[in-house]
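Enquirer: Quick one: structure below, then a few questions.
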Amino acid sequence: MSKFFPTPKSTQLNSDVELIAFSCQDTLVQLVYLAPGATFPLHQHLESQMGMIISGRLEMNVNGTKEIIEPLQQAYIANAYVPHGSVNIFPETALVFDVKRIITSLPSEKTDEVFLKVSSKKDEMTGFPCQFVVASWFEIVITKIPPGGIIPMHQSASEKMGIILNGQLMMTVGDEQQQLEYGSIYYAPGDVFYGGYNLSDEAVSLVEILIPPRSPASYQEASFSERTARSLTAT
């Protein structure tokens with residue numbers, strides 16, 4: 001069994017909901033397919049959970065706050081024992097990724113907003129365009145890797161999980177290498193070197209989840225950007 005390329009486990013909860021789960025040590029990453037009309041009733045659990053929609057649309061409810069989430073535009077956060085649920089009120093199937101992990105202590109005393117919008121920038125290491133969301137215990141980075149694009153071998157202080165959204169990406173993590181396609185993921189612990197390159201003839205979208213976020217400064221910067229965006233929208 002691979003340490004760095006987890007095997008998916010598929011579960012059909014009912015006729016409307018399918019889960020594909022990947023176990024990454026202390027973290028569970030799930031791809032969730034919700035057919036039109038599918039409903040997740042409000043529920044809560046010990047694990048903190050966050051997620052983002054990949055395709056389709058979904059009405060998300062976190063502790064009574066509802067929002068329509070759009071593909072790769074917002075992340076939702078439901079920390080431990082916060083009620084959350086969703087309903088697909090739209091005519092197309094929704095695909096969501098969510099991440100669950102027991103968070104024993106938060107690196108910041110700030111309270112996360114339950115819905116966070118993405119911001120844009122260039123990746124400092126590769127120069128590729130990317131979008132990102134930073135919260136108290138995680139960071140999401142969405143990068144477009146051009147054909148032939150390379151992610152140099154490097155280490156991260158954070159654990160990192162990557163989800164391939166299209167095309168093909170050859171990833172090396174530690175002493176393992178795999179060609180990943182749509183729906184595949186990799187897991188890179190903080191002390192392990194990893195990198196990759198785009199084998200396909202199209203730009204590959206890669207979603208990476210970092211736990212914890214890279215630095216408190218990036219969390220503060222993202223929080224300031226989020227507050228600024230909300231104030232500009234309100235005027």
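Enquirer: How many of the residues in the stretch 118-142 are over 20 Å from ALA78 (Cβ atoms) and not in a strand (DSSP E or B)?
Expert: 6
Enquirer: Follow-up. Please state which one of GLU92, GLU70 is in the same structural domain as ASN14 (by TED's automatic domain parsing) and over 18 Å from the mean Cα position of the chain (by Cα).
Expert: Matching residue, one of GLU92, GLU70: GLU92.
To keep it simple, each residue is scored yes or no on (1) among the aromatic types (Phe, Trp, Tyr); (2) over 15 Å from PHE5 (Cα atoms); (3) under 20 Å from the mean Cα position of the chain (by Cα); (4) assigned by TED's automatic domain parsing to the domain that holds SER136.
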{"residue": "GLY162", "(1), (2), (3), (4)": "no, no, yes, yes"}
{"residue": "LEU165", "(1), (2), (3), (4)": "no, yes, yes, yes"}
{"residue": "GLY174", "(1), (2), (3), (4)": "no, no, no, yes"}
{"residue": "GLN177", "(1), (2), (3), (4)": "no, no, no, yes"}
{"residue": "ILE185", "(1), (2), (3), (4)": "no, no, yes, yes"}
{"residue": "ALA188", "(1), (2), (3), (4)": "no, no, yes, yes"}
{"residue": "GLY195", "(1), (2), (3), (4)": "no, no, yes, yes"}
{"residue": "LEU199", "(1), (2), (3), (4)": "no, yes, no, yes"}
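Enquirer: Among the residues of the stretch 156-210, which ones are within 27 Å of TYR33 (Cβ to Cβ) and among the polar types (S, T, N, Q)?
Expert: ASN166, GLN168, GLN178, GLN179, SER184, ASN198, SER200, SER205
Enquirer: Among the residues of the stretch 143-153, are any modelled with pLDDT of 95 or more and within 23 Å of LEU28 (Cα to Cα)?
Expert: Within the stretch 143-153 (the criterion being modelled with pLDDT of 95 or more and within 23 Å of LEU28 (Cα to Cα)), the answer is yes, since at least one residue qualifies.
Enquirer: With respect to GLY51, is the statement that it is in a loop (DSSP other than H, G, I, E, B) and outside the structural domain of ILE211 (by TED's automatic domain parsing) true?
Expert: no
Enquirer: Kindly list the number of the only condition in (1) closer than 16 Å to VAL96 by Cβ; (2) among the hydroxyl-bearing types (Ser, Thr, Tyr); (3) touching a residue at least 24 places away in the same chain (Cβ under 8 Å) that fails for SER2.
Expert: (1)
Enquirer: If you don't mind, there's one more thing I want to ask. Looking for whichever is part of a loop (DSSP other than H, G, I, E, B) and surrounded by 19 or more Cβ atoms within 10 Å (Cβ to Cβ) here; the options are PRO147, PRO213. Which one fits?
Expert: Matching residue, one of PRO147, PRO213: PRO213.
Enquirer: Got at least one residue in the stretch 111-129 being of a type outside the set (Lys, Arg), without any contact (Cβ under 8 Å) to a residue 40 or more places away in the chain, assigned by TED's automatic domain parsing to the domain that holds TYR197 and on the phi > 0 side of the Ramachandran plot?
Expert: Looking for residues that are of a type outside the set (Lys, Arg), without any contact (Cβ under 8 Å) to a residue 40 or more places away in the chain, assigned by TED's automatic domain parsing to the domain that holds TYR197 and on the phi > 0 side of the Ramachandran plot, one finds at least one in the stretch 111-129, hence yes.
Enquirer: How many residues does the stretch 15-40 contain that are touching a residue at least 24 places away in the same chain (Cβ under 8 Å) and in a strand (DSSP E or B)?
Expert: Result for the stretch 15-40: 13.
Enquirer: OK, next. Would you point out the residue of the stretch 70-125, among those that are surrounded by fewer than 21 Cβ atoms within 10 Å (Cβ to Cβ) and of a type in the set (Ser, Thr, Tyr), that is modelled with the lowest pLDDT?
Expert: My answer is SER108.
The values are calculated or read from the model by the stated rules, or taken from the named source; none is laboratory data. Computed from a predicted model, the values in this text were never measured in an experiment. Neighbour counts run over all protein chains shown; Cβ positions are idealised from the backbone, glycine included.
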